[in-house]
Structure formats: C-alpha cells, structure tokens
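> I have a structure here, written as structure tokens, and I will follow up with some questions on it.
Read-outs throughout are calculated quantities, based only on the coordinates presented, and are distinct from any laboratory measurement. In this text, all values refer to a predicted model and were calculated from it rather than measured experimentally. Counting neighbours? That spans all protein chains shown, and the Cβs are built from the backbone with ideal geometry, glycine included.
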Amino acid sequence: MAVQRTFSIVKPDATKRNITGKVNAKIEDAGLRIIAQKRIQLSKEQAGEFYGIHKERPFYNDLVEFMTSGPVVVQVLEGEDAIAKYREVMGATNPKEADAGTIRAEFAESIDANTVHGSDAPETAAEEIPFFFSDDEIVG
Ligand code: RTP
Ligand code: MG
C-alpha cells in the first residue's frame, strides 16, 4: 500500500465541545500523521464551494449553515492507505450506523453534527488539500 495524503475537517460540533484533542488522538492512534493543521472560521462562500458537489441535495443548506456555525480545524493526514483508513476511523456518515470505536460512533451528535469530514477518493483529496493549504504549510 502506498503512502497517501487525505484532507480532514474537525467540524463545529467538536470545536464547540472542546474535543478536538480527542479526535486527534483517534487519528494518531490509527497510525495517521497530522502533517498540517489550522483552526479557521469558514465563510458561507467557502463552505458552499467546498460542498458544491451536494448543491442539489436537500441537506445542502443545512450543511453549509452547520459548517459555518463555529470554528473548524482543517487538517492534512498522511499514512499508508490514508484515504480509506481515515474513512474507517471516521465511521459511517450517520453515527447510528457507525461501528463501535469510530470517531462518529463515539463523538457525533447527529447525521449533521457528525464531528469529522474526510476525503472520499484520491481525486477529492487532491482537490480538497489545496483548497485550504499551500505547499509550505504542509510538513510531511
Ligand atoms: P463528509 O463529506 O462530511 O466527510 O461526510 P460523508 O462523506 O460521510 O457524507 P456525504 O454524503 O459526503 O455528505 C456530506 C455531509 O452532509 C451531511 N448529510 N446529511 N440528512 C442527510 O441525509 C445527510 N446526508 C449527508 C452529513 O453531515 C455529511 O457528513
Ligand atoms: Mg463526503
């Protein structure tokens, strides 16, 4: 398996509850390395563009509203098979369906307030990382 990079967001429900360290511990325990990280407030425009793929979905407005409801921590994670591995560590989108021990099973409040985002494919990771980070902010 090749070393990959994936893009992660620790969502506003986690920053609000002051559990970003607990989320990071799950990430690191899984063998993923946090090679870039910053806390930011997303604008409506940024969140709307980032989740543009979901524009026609019924949950789009709520999603943009939620993602701008407080600070987020954006991250780049690196490791063997990082994209699939992080999706495993995150657990299912709906925390009720997430496997025990996953971030969403342990911390998510609802399908909206579900604690983390992770890229779902190499193509999306390659778009999402430069959306938030310049090369000199990533130290692998
Ligand atoms: P994410 O993009 O945040 O990593 O989550 P995901 O891949 O597991 O889920 P995705 O299908 O990409 O949906 C993005 C976010 O939209 C919200 N959502 N709500 N009410 C619903 O049916 C519904 N479906 C999705 C979730 O907060 C999800 O994380
Ligand atoms: Mg997604």
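> Give me the number: length gained by fully extending Glu137 to Thr124, i.e. 0.36 nm times residue separation minus the C-alpha to C-alpha distance, one decimal in nm.
2.8 nm
> Could you please report the charge total around Phe107, scoring K, R as +1 and D, E as -1 over all other residues with beta-carbon less than 9 angstrom from its beta-carbon?
+1
> Same structure again: Taking 7 Å along the Cα-to-C-beta vector as the label spot, tell me the Glu109-Ser43 distance in nanometres, rounded to one decimal.
2.6 nm
> Excluding Lys22 itself, calculate the net charge of residues whose Cβ lies under 12 Å from the Cβ of Lys22, where each Lys or Arg counts +1 and each Asp or Glu counts -1.
Neighbourhood net charge equals -1.
> Let me ask something else about it. Jot down the per residue volume, in cubic angstrom and as a whole number, of the convex hull over the alpha-carbon atoms of the chain.
103 Å³
> To continue, here is another question. Where Lys and Arg each count +1 and Asp and Glu each count -1, what net charge lies around Ile83 among other residues with Cβ under 12 Å from its Cβ?
-4
> What 222 nm value per residue comes from the helices of the chain, counting each DSSP H run with n ≥ 4 as -39,500 (n - 2.57) and dividing by all residues, nearest 500 deg cm²/dmol?
Value at 222 nm, helices only, nearest 500: -10500 deg cm²/dmol.
> Below 18 Å, Cα to Cα, which aspartates and glutamates can Lys11 reach? Residues fewer than 8 away in the same chain don't count.
Straight-distance partners of Lys11: Glu28, Glu45, Glu49, Asp62, Glu65, Glu88, Glu106, Glu109, Asp112, Asp120, Glu128.
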